[in-house]
1. Looking for something in a helix (DSSP H, G or I), aliphatic (A, V, I, L, M) and in contact with a Ser or Thr (Cβ under 9 Å, 6 or more places away or on another chain) - is there at least one such residue anywhere in the range 82-105?
2. Considering only the range 169-181, how many residues are over 30 Å from T109 (Cβ atoms) and surrounded by 14 or more Cβ atoms within 10 Å (Cβ to Cβ)?
3. Against the conditions (1) aliphatic (A, V, I, L, M); (2) in contact with a strand residue (DSSP E or B) (Cβ under 6 Å, 6 or more places away or on another chain); (3) at pLDDT below 95, where does A153 fall short? Just the number, please.
4. Inside the range 34-58, can you point out the residues that are farther than 23 Å from P124 by Cβ, open to solvent by 20 Å² or more (accessible area, probe 1.4 Å), in a helix (DSSP H, G or I) and of a type in the set (A, V, I, L, M, F, W, C)?
5. Name the residue, out of R71, R16, that is open to solvent by 80 Å² or more (accessible area, probe 1.4 Å) and part of a strand (DSSP E or B).
6. What residue, of R61, R76, R6, R31, is in a helix (DSSP H, G or I) and open to solvent by 50 Å² or more (accessible area, probe 1.4 Å)?
7. Kindly provide the set of residues from the range 93-112 that are under 25 Å from R59 (Cα atoms) and open to solvent by 20 Å² or more (accessible area, probe 1.4 Å), ordered by number.
8. Provide a single number: the residues in the range 40-69 that are closer than 21 Å to P163 by Cβ and in contact with a Gly (Cβ under 8 Å, 6 or more places away or on another chain).
Amino acid sequence: MLGSVRTYGQYCAMARGLDLVGDRWTLLIVRELISLGPSRYADLQRGLPGIATNLLANRLRELEHAGLVARTELPRPANATVFALTERGAALEGIVREFVKWGAPLMATHAPDDTFRPHWLLVPLRGLCHDATPGAPAQVVRVGTAADGCDIAADAGTVSVAPSSPSTTPDATVDGDPDALVALFTGRLPIAAADAAGMITGDVEAVRRVVGGTPASLGAQGSA
């Protein structure tokens, strides 16, 4: 069933799972497809700085072979090839989210040469944000930019986090240094301080709605 894919050769669910997604870069490709949805090859390259072109192609082929990713040819005018998680592949989101939580204590600082993409916050924000004022009208808070970021939509007590959409006009936008963004959404940076530092444009109360009530158990761990 695994073809030429390397295998641990163990009759164990964990080992079988690692046979498919345990190679370097594989789970980061899954992270991109969870965060961005169906993506072109170039989109994945932008979200995976440092990956070699041939390695990305190999990993995508392996994920396709394993039934975790499907390739679709879009007709004109798009005329593009996109990659998307299958239902089986999308089931990895829970694993990715738990791994993000496990790695959160390592996010206290970042090295000067670390790269950062605002849309990498999408998965952790799904666990960190909630609607603190469910009776208020629907609002959207953007993290990052329309070109690279995520939109936090709060409405009637529920929160959804999706890739930033140029067609959406946010009520507020939050952007800034990666350390500061992580600190804000994990409760270590007060909203007033972020606002004073110029990280917030638009309605500060919209930001307070999705950030102000971050559960202490998550806020203490950090994110991203």
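The values are calculated or read from the model by the stated rules, or taken from the named source; none is laboratory data. The shown structure was predicted, so the numbers you read here are calculated from the model rather than taken from an experiment. Note that we place each Cβ from the backbone using ideal geometry, even for glycine, and neighbour counts take in every protein chain shown. Surface areas here come from the heavy atoms of the whole protein model, side chains and all, with no ligands, DNA or RNA. Shrake-Rupley method; radii C 1.70, N 1.55, O 1.52, S 1.80 Å.
1. Start the filter on the range 82-105 by keeping residues that are in a helix (DSSP H, G or I), which leaves 87-90, 93-105.
With the extra rule that they be aliphatic (A, V, I, L, M), the set shrinks to 90, 95-96, 100, 104.
Right, trim to in contact with a Ser or Thr (Cβ under 9 Å, 6 or more places away or on another chain) and you get 100, 104.
Looking through the range 82-105, at least one residue is in a helix (DSSP H, G or I), aliphatic (A, V, I, L, M) and in contact with a Ser or Thr (Cβ under 9 Å, 6 or more places away or on another chain).
2. Taking the range 169-181 and keeping what is over 30 Å from T109 (Cβ atoms), we get 169, 171.
Okay, now just the ones that are also surrounded by 14 or more Cβ atoms within 10 Å (Cβ to Cβ), so 171.
Residues meeting the conditions: 1.
3. Against the list (1) aliphatic (A, V, I, L, M); (2) in contact with a strand residue (DSSP E or B) (Cβ under 6 Å, 6 or more places away or on another chain); (3) at pLDDT below 95, A153 comes up short only on (3).
4. A42, L55, A57
5. R71
6. Just one listed residue meets the conditions, R61.
7. E93, G94, I95, R97, E98, F99, V100, K101, W102
8. Summing the residues that are closer than 21 Å to P163 by Cβ and in contact with a Gly (Cβ under 8 Å, 6 or more places away or on another chain) in the range 40-69 gives 3.
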